[in-house]
1. Among the residues of the stretch 199-209, are any in a helix (DSSP H, G or I) and not assigned by TED's automatic domain parsing to the domain that holds Ser71?
2. Is one or more of the residues making up the stretch 106-127 modelled with pLDDT under 85 and of a type in the set (A, V, I, L, M)?
3. Please work out if Gly190 is at positive phi and either surrounded by 13 or more Cβ atoms within 10 Å (Cβ to Cβ) or over 28 Å from the mean Cα position of the chain (by Cα) (or both).
4. Of all residues in the stretch 176-187, which are surrounded by fewer than 17 Cβ atoms within 10 Å (Cβ to Cβ) and part of a loop (DSSP other than H, G, I, E, B)?
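The values are calculated or read from the model by the stated rules, or taken from the named source; none is laboratory data. What you see is a predicted model; the values in this text were computed from it and never measured. Reconstructed Cβ throughout: ideal geometry from the backbone, glycine too, with neighbour counts over all protein chains shown.
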Amino acid sequence: MWMSLRPSQMNKALRAITEEFHNESMDEDDKAIDYGSVGLYLTGLQVASTIVLCACSSVLSCWVLPAHAISAVRTLAITTAMGLILVRKPIRIGRVRGVSTIFNALRPAVATYILALVIEQLVHTCVPLDGEENTTLRRIVYHSMATVMIISAFVRARSPRSESDVPFALTAFCILAIAVLPPPALARSGPLCEPSTLVQAGERVLRAFFFAAVYTVHVYAAAPNRNISNELFICVARATAASVWILCASAWTLPGAPLQVAVVLFSRLGETDGASEAEQREDAYAAVPLKGSSNGDGGNGHGHHDEHHVPVGGTMSDVESGDVGNSCSDFMAVTPKLPSLTGLQRTVPLTPRNGSTTCGGGLSFNFGAPGMGPPSVNLAAVIARESRTEGQL
């Protein structure tokens, strides 16, 4: 019986190892997002289309039923079911790196849009019967807070990858102020129970499209570094704060949404060009050879090989910049690095590349202690071994 149980246990262990390796490989693929693949942008189109369809379903649910049969709960159920079904899984074409990361950051936009519909519907639930309430203050607060939200959204669009959360804090404060002093309510109104006109329906669909577009562009411009909860939360919060103004601002401010998309794209492409120029400068500095190349200093004892390069910082240690006190013309390319000991003079004998003889003078570094004797550190064997290993490589 023991022998009969072992194969099943081995199979379970192999399956567990295979699943763990598959999950790790998927996480590794999501770390490096492949922006050059067209399949990566299908998820953005999927989420944007879902939001637009949710807006259309909320409008059609109030159109197809008679006025006395319209129910906000029924409209909400239909809209939520459509949103959940359409964003259950991402659309994949091939194996594109980063699809899961981008999709997990885009999917909350559907929930944000449905939540906005619910909050807007709740605003119109409590209507004063006398109608004598002064609504001027509420209108001023509402439009002022919407203006601040638009300004903070453009600040985020100017630097989409900035680590500053001041735009998010401003948007959160504006939403809190609107919640305390909401706009005036209207009887039998709301996106979930009002049979809208054709112009109103077009405005709702247009808002949904602009919201989806701005949110999606912000996610792609500042995608999470890894597919983990804290990184996704930061990306979702910033993208939501930069696009939620479209769902509450006046209709005449909607042309600012395409302008915001243009600002995000221009800023992101500008950051990419700047990074490329910086990388080119680093490569140029790294390719500068040291003084005293072996091509021109054949017998003066100061020869170095062309594979030596100046560090990017532009400075070298005493060991790296020291002179060789002998006439060997073909030194090995390995530079020994010694600990800096104040008050000691260290002599490091070097071995030629062929490993046959030891150069007589070696490297001498004086650290400024005239009263102490010069102890000698013999690294010939170690350096010869490094030279032979380098020759084999």
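1. Applying the first criterion (in a helix (DSSP H, G or I)) to the stretch 199-209 yields 199-209.
From the residues that got through so far, the ones that are not assigned by TED's automatic domain parsing to the domain that holds Ser71 too are none.
No, the conditions are met nowhere in the stretch 199-209.
2. Narrowing the stretch 106-127 to residues modelled with pLDDT under 85: 124-127.
In the following step, the residues that additionally are of a type in the set (A, V, I, L, M) were identified as 127.
Within the stretch 106-127 (the criterion being modelled with pLDDT under 85 and of a type in the set (A, V, I, L, M)), the answer is yes, since at least one residue qualifies.
3. Working: at positive phi: yes; either surrounded by 13 or more Cβ atoms within 10 Å (Cβ to Cβ) or over 28 Å from the mean Cα position of the chain (by Cα) (or both): yes.
Yes, satisfied.
4. The initial filter retains those residues of the stretch 176-187 that are surrounded by fewer than 17 Cβ atoms within 10 Å (Cβ to Cβ), namely 176-177, 179-181, 184, 186-187.
Answer for the stretch 176-187, where residues must be surrounded by fewer than 17 Cβ atoms within 10 Å (Cβ to Cβ) and part of a loop (DSSP other than H, G, I, E, B): Leu181, Pro184, Leu186, Ala187.
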